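The values are calculated or read from the model by the stated rules, or taken from the named source; none is laboratory data. Please read all numbers here as calculations on a predicted model, not as lab measurements. Quick reminder, even Gly has a Cβ in these numbers, built from the backbone with ideal geometry, and neighbours come from all protein chains shown. Quick note on the areas: whole protein, heavy atoms, side chains included, nothing else; ligands and nucleic acids left out. Shrake-Rupley method; radii C 1.70, N 1.55, O 1.52, S 1.80 Å.
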Amino acid sequence: MKNKSLILSLFILTLLFTSVNLLAQEEETILMADKLIVDDMNSEIIATGNVVLDRDNLKLTSNKLTANQNLGEIKATGEVVIQQEGSKLTGQELTLNNKSKQGVLTGNPKMENEGATITGNRFEFNLDTNKLFVYGGAHIVDESQDLIADAEEMEYNDVSQEVILTGNVYAKRGTQTVNAEEVIINLKTRKMIAKGKTKFVIPNEESEE
């Protein structure tokens, strides 16, 4: 899995977090929808029907978007798609909390970037610590590294640049396969560490044509 794919996904969400402010000081933000309600009394913005939020090179589309005018919380629902610089993040419901800097993406969430794909049941992320968590079955396919992996959960730490797969882990890199309770992959060094009861299969090169 490419380091860039996960870093860009967190970068996308960081930009999205700031872009909903219709009065952005540095960058112009355009919000389009079939219907738009700006409710000053309740300090709320509600956009419905073919919602498109565009700022610089980031584009968010959804069926509905709601946000506090003070950006306390942002919520997008219904075919949520976030695109930026070749990266694409999709799901059915996205929630971002300004105070905690934490977000959740649900509804068959998927991230795609330059041949790498991550899917799961629930994505959680923290913009302060730059961590991404995948729950409910994580599946990773990275064509650039000839890697396929499955696990019950996944954690990505941008500081250490490590991917931690836990729970019935199956990883296949090239012709080698690993089964373990936990597998740690360093994206810089490509070093892989398996923990718990581990099965590592190296095919016989003589059998390959």
Selected from P109, N97, I140, residue furthest toward positive end of dipole (the range 92-162; charges at beta carbon):
N97
Skipping prolines and chain starts, which residues have an amide H placed within reach, meaning under 5 Å, of the one on Q92, given they are 5 or more residues away or on another chain?
V80, T106, G107
Share of accessible surface on carbon and sulfur in the range 49-191, whole %, 1.4 Å probe and ligands ignored, is 41
If you take every residue apart from V80 with its C-beta less than 13 Å away from the C-beta of V80, what net charge results, scoring Lys and Arg +1 and Asp and Glu -1?
+3
Per-residue HN-Hα couplings for the range 115-128 [Karplus 6.51, -1.76, 1.60; θ = phi - 60°; Hz; x = Gly/Pro]:
x, 9, 9, 10, 10, x, 8, 8, 9, 10, 9, 10, 6, 6
Under a Cβ-only charge scheme (Lys and Arg +1, Asp and Glu -1), can you give me the dipole magnitude of the range 47-96 about the Cα centre, in debye to the nearest 20?
60
Once you sort the root eigenvalues of the Cα gyration tensor of the range 40-178 as a ≥ b ≥ c, which label holds: rounded (a/c under 1.5), prolate (a/b larger than b/c) or oblate (the other case)?
prolate
Past 25 Å, Cα to Cα: identify those pairs from K131/K191; K64/K131; K88/K197; K172/K197, in the order given.
K64/K131; K88/K197
Along the range 151-159, Karplus-curve 3J(HN,Hα) (6.51, -1.76, 1.60; θ = phi - 60°) to the nearest Hz, with x for Gly and Pro, reads 7, 6, 9, 9, 10, 10, 10, 6, 5
Value of D in µm² per second that Stokes-Einstein yields for the range 115-209, Kirkwood Rh from Cα pairs, at 10 °C (1.306 mPa s):
115
